[in-house]
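To start, the structure under review is shown below, and the notes come after it.
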Amino acid sequence: MPHLDSQQALQQDGALFRPIMKTGRGFYLAASLLLAVVVWAAYAYSWQLRRGLGVTGMNRPVYWGIYITNFVFFIGVSHAGTLISAILRLCRAEWRRSITRMAEVITVLVLFFGVGNVLLDLGRPDRALYVITHAHFTSPLLWDITSLSVYLTGSTVYLYLPLIPDLAILRDVATGWRQPLYRLLALGFTGQKHQWHRIEKAISVMAVLVIPVAVSVHTVVSWVFAMTIMPMWHSTIFGPYFVAGAIFSGIAALITAMVIIRKVYHLEEYLRPVHFNNLGLLLLVMTMLWFYFTLAEYLTTWYGHEPVEMSVFWAKFTGTYAPLFWTMFVTCFVIPFAILSRKKTRTVTGTLIASISVNIGMWLERFTIVVPSLSNPRLPVEFHMYHPSWVEWSLMAGCFAAFILLYMLFTKMFPIVSIWEIREGREVAVPETVERIKTYLPMETKGEVAT
Amino acid sequence: MPRWGMAIDLDRCTGCQACVVACKQENNVPFSTPAQADQGRQISWLYLQTEIEGAYPHVQVRFRPMLCQHCDRPPCTFVCPTSATYKNEEGLVAQIYPRCIGCRYCANACPYSVKSFNYDEPVWPKQLAASLNKDVSVRYKGVIEKCTFCSHRLTRAREQAAAEGRALREEEYQPACVQACPANAMVFGDLDNPHSRVAQWSASPRAERLLEDLGTKPKVTYLKGGV
């Protein structure tokens, strides 16, 4: 376990303290811009509250639009953090140390916007609590609420636990109004042996626990669709398809955040090309997994050739939604695969381009899952094209802006790279890893020479 | 307990839409403004589906009154998170408006697409606002609604029978659309009573139930036309 030598930490890893201690003009400028977008979105929501969902572009039979798309998208992005960080921790991937925190923060913050979009979508948001007070257990929406609240609690704890030693360090070096705050949050952590022991144990227990919860969350989100008998929703592959897509968009969101943080806070020493290379490889694996799932989903539909399914199928392949569908295919597969499969392009910039492309593509995937099925019901109904209204676009922009703003505020309050884990890596993990590798191999012992 | 159901003979249907008008009036279904119609947001508990077959000059038009099929195994009630839509003790698929949170999950789960959502606050012309049916609650923006088989008429008939100290007679409960049909193309009653007309029509060789292969067990039967 590392020493909790706060002054030494400040000297050695000063770059990690700087975002908290110094705030430049750029931050205030960006924050006020984002705040303006959030205020605009709040106005748009008050507009919707007064006039009802009539101000959206939704109709009959397209009863769900980009609010539900955003719900699925944000919950997907939330898999960036907890799941990736937990897996890397359990695998003892040493390169995880500088990225786990920034991943975990994405999870906790973005979950609020996932749940929030369901609330935005309600015709009667004032009755949202009826879901609990009049709970109906066969509804997949209730399963969603259940697994989401477990996930939110779990990932908040999982973010907080590794934060405690850092809070203790900050308590020792901070001045002014922050000091009592850090003192409160650090829970009296002073770096004693039994405290380290407990916190490390708690972190590993949580790392194991959050993985099944994370998998369950996106499975249940997919079940909101798959449990109905709507054409091209009613698919057994949806659970794993959504989980894979969630990890896919999660890694992409994480890389995007890393590139920005690296640039803005000058953390080039902590976020090195190797981090982007490794995450890029992980993203490449998910790119291929996404292609595999998509192929499996559409090939079985096409081969079966059931008329109701095919009307949705053609709407995506050649019909109304073809531009969106093929853009999704290019941005989810062609672009990231071309960039990430070559070592030469698996650079910081390369992975950033691939990640932005994947994020756009995964949003389009969610959209082309939600809307085309609703537009092509089993029985003929009068069809009206769904065009999202200014209110819907504003609320979407507001969600993204609010998320980025909260993320920025977090980096100003807490270290976005785990200080103690970096120090532990340097002091403890380097010799430990050497020893660990030795146990993997039949080491030659002294004096014995093969003849 | 009777198993209430409906049968519609498409050969008798003239497409006059008297049922549509009767339904709107009986159930306080608001008129759609032209703007709402352009956006595809009409509220209709019962509407006439028009199917055009063939090409000129051999064109055939078929009409099908479309309404909630009151499934015995309704996909919509399973997904409702608050039981605002549920199958009641009479076997009718009912809606509790004050409990609906407006998530529209039921509307998406319904394979017949017969649920309507109140995107806007409903409005009536002044003259009509005074003549709303007092037995049927007026809905407001943000909730789902659909055909109830005029269940308020069943409540009224049951109360009448109870007051007179006798059992309910099947013919006392008739939805407004059935009552209004001038061609006698619609019948309503107890599907479990073999002597009822609805049971006899439902057993006809021409009888078909929509999307029956989905296992929803709809209680509306159509008698195929033009056979």
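Observations
- In this structure, B:A162 does satisfy being in a helix (DSSP H, G or I), small (G, A, S) and either exposed (fewer than 13 other Cβ atoms within 10 Å of the Cβ) or without any contact (Cβ under 8 Å) to a residue 60 or more places away in the chain (or both).
- All conditions in (1) modelled with pLDDT of 90 or more; (2) more than 19 Å from the chain's Cα centre (by Cα) hold for A:Y160, with the sole exception of (2).
- No other residue among B:Q179, B:Q200 is free of Cβ contacts under 8 Å to residues at least 24 places away in the same chain, out of contact with any Cys (no Cβ under 8 Å at 6 or more places or on another chain) and polar (S, T, N, Q) apart from B:Q200.
- Those helices (runs of 4 or more DSSP H) of region A:266-370 in which 1 or more residues are out of contact with any helix residue (DSSP H, G or I) (no Cβ under 9 Å at 6 or more places or on another chain) occupy A:273-304, A:307-317, A:322-329.
- Any hit, region B:101-119, residues being surrounded by fewer than 19 Cβ atoms within 10 Å (Cβ to Cβ), within 14 Å of chain A (Cβ to nearest Cβ), under 30 Å from A:V370 (Cα atoms) and at pLDDT below 95: no
- Among the residues making up region A:126-154, those that are in a loop (DSSP other than H, G, I, E, B) and not aromatic (F, W, Y) are A:A128, A:L129, A:H134, A:A135, A:H136, A:T138, A:S139.
- Any hit, region B:139-153, residues being touching a Lys or Arg at 6+ places or on another chain (Cβ under 8 Å), away from chain A (no Cβ under 14 Å) and modelled with pLDDT of 95 or more: no
- Region A:75-109, subset in a loop (DSSP other than H, G, I, E, B) and at negative phi, residue surrounded by the most Cβ atoms within 10 Å (Cβ to Cβ): A:G81
- Taking the criterion of being of a type in the set (A, V, I, L, M), under 16 Å from A:W290 (Cα atoms) and in a helix (DSSP H, G or I), the residues of region A:223-252 that qualify are A:V243, A:A244, A:A246, A:I247, A:I251, A:A252.
- All conditions but one from (1) without any contact (Cβ under 8 Å) to a residue 60 or more places away in the chain; (2) buried (at least 18 other Cβ atoms within 10 Å of the Cβ) apply to A:T138; the one that does not is (2).
- Scanning region A:345-353 turns up no residue that is more than 30 Å from B:E51 (Cβ to Cβ), in contact with a Ser or Thr (Cβ under 6 Å, 6 or more places away or on another chain), touching a residue at least 60 places away in the same chain (Cβ under 8 Å) and not aromatic (F, W, Y).
- Per-region count, region B:1-48, residues under 17 Å from the mean Cα position of the chain (by Cα), closer than 21 Å to B:C181 by Cβ and of a type in the set (S, T, N, Q): 5
- When B:A129, B:A207, B:A167 are checked against the criterion of being of a type in the set (A, V, I, L, M), in contact (Cβ under 8 Å) with a residue 24 or more places away in the chain and away from chain A (no Cβ under 14 Å), B:A207 stands alone in meeting it.
The values are calculated or read from the model by the stated rules, or taken from the named source; none is laboratory data. Given the structure is predicted, the values throughout are model-derived calculations rather than measurements. Ideal geometry is used to build each Cβ from the backbone, glycine not excepted, and the neighbour counts take in all protein chains shown.
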